[in-house]
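A short worksheet on the structure shown next.
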Amino acid sequence: MFKHILMPTDGSDHSEKAIKRGIELAKLCGAKVTGIHVVPDYRLTISDDSSFDPALPGKMDNEARARAENFLAFVKKTAMAEGVPCDTIIATNSRPFDAIINTANERRCDLIVMTSRYRRGLASLIMGSEASRVLHRASIPVLVFRAVMSADHPDKQPP
């Protein structure tokens, strides 16, 4: 069925749950997985104003890459525990959905497994959802695990 599954992660608990489920699916299909975390392009977000420390974008990028390595280590560890071949990538892009879709195309993935965070009100209008953007732009199937679960969902932790 599926041969190569791309799994974006933001390091959240919801993302980790989606990764666990995606790796279970990969094991069932005999597929390999690629974990991806997208780091913002800090050079684009900081102006050339002279009041900024010129080393700041580099420091921010290094910190973001360190976090990304930590997030992707979870993907590697989980895949290894299940005997699923795994690769990881840190992409840099100010639009994460573009990096996710481009990576899926470049690596010839045939499924994207990700989570969707639930946002309300103004935050939903302003920030939107990366999962929604990927879902509407990807040319391959996208399996989205919702962050909000019903009370009777099997993955729901008891209070």
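None of the figures in this text is laboratory data; all of them are computed from the coordinates on show. Note that the structure is a prediction, hence the values are computed from the model and not measured. Virtual Cβ from ideal backbone geometry, glycine too; neighbours counted across all protein chains shown.
Key figures
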item	result
Nonlocal amide H pairs with SER94, under 5 Å, H built at 1.01 Å	ASP41
Set of region 1-26 residues, backbone N closer than 14 Å to the point 7 Å along the Cα-Cβ line of ARG108	3-5
Interchain or long-range residues, amide H under 5 Å from THR88's placed H	GLY35
